[in-house]
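Just so you know, all these numbers are worked out from the coordinates, no wet-lab data involved. Being a predicted model, the structure only gives us computed values, none of them experimental. Virtual Cβ from ideal backbone geometry, glycine too; neighbours counted across all protein chains shown.
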Amino acid sequence: MNLKLLKTHIENYKKSLEKDFDKHERDLAQRQERTNYYQSWTEERILKMNEDDLYEYISGLWAMLIWGNKHYVVDKIVNNNGLENFRKELAELVWGIAPIEKRWDHFRSHIKGLGPAMISEILCHTHPTECMLWNRRAYVGLNYIGIKNLPRYDYQMTGKKYNHLSSVTKEVALELEKSGIKNPTLLTVDYFIWDELQVVDKLSQIFSKTEAEKEISVVDKEDADAARFIHDEIRDKLADIGRWLGFNSNIERKVAHGSQVDAVWEATIGNMGRVIYVFEVQTKGSIDSLIINLYKCLNNPAVQGVVAVSDATQLEKISKHAADVGDLNKKLKYWDYLEVLQIHEALESVNETINKLGLVPHGF
């Protein structure tokens with residue numbers, strides 16, 4: 001960490017607080033209000049959540065600003081996980097006695113629909129002295145002050161990494177306290193990062209594709225857990241992209257006999273019927289199985305396109321395998337997983353900005 005640079009920005013931050021004391025007071029009140037609210041959700045209360053409670057609990061998160069229709073997200077969480085199972089896993093994440101890195105990894109492995117931004121925000125609001133808040137803004141700020149090996153993508157945010165970054169932000173909180181800011185928490189650090197350390201004009205620039213990132217590393221390919229997290233992240237982001245583009249979007253759908261695919265975009269065209277686009281994500285495993293699964297999809301006449309999503313090397317192998325598979329070769333498209341991540345980032349930023357305008361009332 002570049003302490004000299006950090007201390008310079010802390011001094012700038014203090015001056016800005018002194019100039020706009022009312023904003024400082026509002027921020028303090030907001031932090032306390034959010035902490036009080038999420039801490040009021042005890043383990044017992046979480047285990048009794050109904051769907052309306054869950055909507056209230058989730059919809060207030062800053063990470064939900066990218067969604068205009070927040071009911072859509074909550075409905076997906078319930079449909080993909082089951083309400084009772086989700087309550088149990090959420091209670092264990094927030095109030096369990098196991099080390100945070102184990103609770104984090106367990107939750108990520110067992111629950112669909114919540115990424116690191118939402119999970120860390122819940123933890124930070126509930127345990128603001130122990131758990132940091134992670135999102136793209138945190139990446140920008142921590143990268144700027146010299147923190148190395150930051151996770152660029154969701155699958156890289158393991159429990160071990162999250163615990164480490166919480167320790168790093170505690171060091172930032174300590175420097176804030178040394179400067180005279182009273183009782184700073186990791187939620188205070190988040191406000192500081194947002195107000196003072198956003199030094200990149202366009203957040204999307206930090207996710208630009210470089211030569212070193214064109215392929216998943218050999219370690220990731222050989223690591224079963226990493227491969228699964230990559231697969232699930234890409235699958236979920238494909239569903240998000242489809243939804244933002246106006247499709248009815250789902251994950252893990254059966255579209256033909258013997259064929260379940262990772263993601264589906266579906267649209268109804270007047271009274272003419274449905275149009276379906278299917279996506280299969282390949283991180284490791286049999287390419288032949290992927291080819292067979294996609295070929296079976298074509299038995300559904302509504303399927304107008306099939307897309308294989310993977311890294312550049314595997315896409316080339318898939319293309320060679322599919323070359324002689326009749327109709328599949330004509331309809332199969334190829335999408336680099338890094339492009340999926342970049343498009344998701346761009347659309348996420350657009351939706352967050354538009355939704356901040358409040359043009360459509362929540363729940364419309």
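Here are the numbers:
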{"quantity": "Isotropically averaged projected area of region 282-364, using the convex hull of Cα atoms (one quarter of hull area), nm²", "calculated": "7.7 nm²"}
{"quantity": "Virtual spin-label span in nm between residue 312 and residue 339, 7 Å along Cα→Cβ", "calculated": "1.2 nm"}
{"quantity": "Angle in degrees between helix 224-244 and the longest Cα principal axis of the chain, rounded to the nearest 10", "calculated": "90 degrees"}
{"quantity": "Net length gained if the chain between residue 304 and residue 156 were fully extended (0.36 nm per residue, minus Cα distance)", "calculated": "49.9 nm"}
{"quantity": "Global form of region 23-106, assessed from the alpha-carbon gyration tensor, a/c cut-off 1.5", "calculated": "oblate"}
{"quantity": "Highest-first arrangement of 300-306, 169-175, 233-239, where packing means the average Cβ count within 10 Å", "calculated": "233-239, 169-175, 300-306"}
{"quantity": "Local electrostatic count at residue 71 - Lys and Arg +1, Asp and Glu -1, tallied over other residues with Cβ under 14 Å", "calculated": "-2"}
{"quantity": "Computed E for residue 174/residue 53 - FRET, C-beta separation, R0 25 angstrom, nearest 0.05", "calculated": "0.10"}
{"quantity": "FRET E, pair residue 228, residue 24, Förster distance 56 Å, beta-carbon r, rounded to 0.05", "calculated": "0.80"}
{"quantity": "Proxy reagent accessibility, fewest Cβ within 10 Å first, across 110, 344, 257, 321", "calculated": "257, 110, 321, 344"}
{"quantity": "About the Cα centre, charge dipole magnitude for the chain (Lys/Arg +1, Asp/Glu -1 at Cβ), debye", "calculated": "240 debye"}
{"quantity": "Principal axes of region 1-70: Cα extent on each, largest first, Å", "calculated": "48, 26, 23"}
{"quantity": "Derived scalar couplings ³J(HN,Hα) [region 284-293; Karplus, 6.51 cos²θ - 1.76 cosθ + 1.60; whole Hz; x for Gly, Pro]", "calculated": "7, x, 7, 5, 4, 5, 4, 4, 4, 5"}
{"quantity": "Efficiency of FRET from Cβ geometry, residue 198 and residue 346, R₀ 25 Å, rounded to 0.05", "calculated": "0.90"}
{"quantity": "Region 105-149 - convex hull of alpha carbons, volume per residue in Å³", "calculated": "96 Å³"}
{"quantity": "Farthest positive-ward along region 283-364 dipole, Cα basis, beta-carbon charges - from 349, 322, 302", "calculated": "302"}
{"quantity": "Contour excess over end-to-end distance, with Cα ends at residue 14 and residue 42 and 0.36 nm allotted per residue", "calculated": "6.6 nm"}
{"quantity": "Percent of Cα-Cα distances greater than 20 Å, calculated over region 218-347", "calculated": "42 percent"}
{"quantity": "Cα-based Kirkwood hydrodynamic radius, region 227-273, one decimal, Å", "calculated": "11.5 Å"}
{"quantity": "When the convex hull of its Cα atoms is projected in every direction, mean area for the chain (nm²)", "calculated": "20.0 nm²"}
{"quantity": "Folded to 0 to 90 degrees: helix 116-126 orientation relative to the chain principal axis, Cα", "calculated": "30 degrees"}
{"quantity": "Top of 52, 311, 190 by mean-square fluctuation, Gaussian network on the chain, Cα under 10 Å", "calculated": "52"}
{"quantity": "Radius of gyration and maximum dimension Dmax of region 3-206, Cα, Å", "calculated": "17.2, 49"}
{"quantity": "Top positive-direction residue, dipole computed over region 3-206 with Cβ charges, set 40, 134, 73", "calculated": "134"}
